[in-house]
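A.B. asks: One structure, pasted below without further comment.
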Amino acid sequence: GAVVSQHPSWVICKSGTSVKIECRSLDFQATTMFWYRQFPKQSLMLMATSNEGSKATYEQGVEKDKFLINHASLTLSTLTVTSAHPEDSSFYICSAIVYGGALNIQYFGAGTRLSVL
Amino acid sequence: AQSVAQPEDQVNVAEGNPLTVKCTYSVSGNPYLFWYVQYPNRGLQFLLKYITGDNLVKGSYGFEAEFNKSQTSFHLKKPSALVSDSALYFCAVRDMDSGTYKYIFGTGTRLKVLA
């Protein structure tokens with residue numbers, strides 16, 4: 001299956017600092033990637049859709065200035081949590097679309113656990 | 001509005017017994033349906049999909065799912081559960097109204113397989 005790499009897997013930062021999370025498609029090109037947030041024992045909340053070469057599309061209620069998304073190449077999308085605060089602590093997961101006829105399967109990274117002190 | 005429901009927060013089953021994890025959906029048009037599994041502190045792993053064709057879909061790790069259009073269901077099944085199947089399972093449907101490839105996820109069902 002298609003492989004999506006997410007880095008780092010765990011990050012601890014001080015309140016007020018910014019954190020960058022990378023999502024890479026290793027063996028395919030992904031024109032579209034998605035960023036999710038998952039709270040403990042809850043489902044995934046879609047934050048934004050990241051399209052290569054264009055601005056990300058954010059879901060309602062997600063602050064675009066706080067969660068900066070850049071999809072500069074067909075294999076890399078980044079999520080930057082700016083001026084992080086403890087309430088931003090969460091599990092962030094990315095996924096990438098594999099295009100193939102009617103398949104359009106999303107393949108997921110392993111996730112990044114962010115802890116803001 | 002499109003939606004996916006997983007009515008059970010948790011399912012317990014004895015090792016070796018058959019398991020079923022339930023999912024129902026509500027979409028406009030023909031659904032694209034998916035099942036994923038999540039192990040602790042990990043991302044989601046793709047198990048199987050239904051796009052069109054046979055109602056019984058076979059996927060990874062011995063899992064299968066049955067698409068039932070009249071009952072708008074897509075239940076995940078396995079004939080003989082393993083302890084290693086214990087994980088969090090998500091059903092998803094492609095959001096056809098969005099014009100993109102976004103998914104709508106269910107709330108997840110925790111499967112516990114008891115030795």
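A.B. asks: I'd like the mean, over residues of B:38-45, of how many other protein chain beta carbons sit within 10 Å of each residue's own Cβ.
C.D. replies: On the way: counts 5, 1, 0, 6, 7, 16, 11, 4.
Per residue, the average neighbour count from other chains is 6.
A.B. asks: What is the Rg over Rh value, at two decimals, for the range B:1-106, using alpha-carbon atoms and the Kirkwood definition of Rh? Let's see the in-between values first.
C.D. replies: Details: Rg = 13.5 Å, Rh = 14.1 Å.
Answer for the range B:1-106: 0.95.
A.B. asks: Hey, another quick one. Once the Cα atoms of the range A:34-77 are picked out, what are the Rg and Dmax in Å?
C.D. replies: Gyration radius and largest Cα-Cα distance of the range A:34-77: 11.2, 34 Å.
A.B. asks: I'd like to know how chain A sits against the 2.2 N^0.38 Å rule of thumb: what's its Cα Rg over that expected value? Display every interim value, and only then the final one.
C.D. replies: On the way: Rg = 13.6 Å, N = 117, 2.2 N^0.38 = 13.4 Å.
Cα Rg divided by the expected 2.2 N^0.38 Å: 1.01.
A.B. asks: Across the Cα atoms of the protein assembly as shown, what radius of gyration and what greatest pairwise Cα-Cα distance (Dmax) are found, in Å?
C.D. replies: 17.7, 53
Values in this text are rule-based calculations from the coordinates and carry no lab data. Note that the structure is a prediction, hence the values are computed from the model and not measured. Cβ sites come from the backbone with ideal geometry, for glycine too, and all protein chains shown count toward neighbours.
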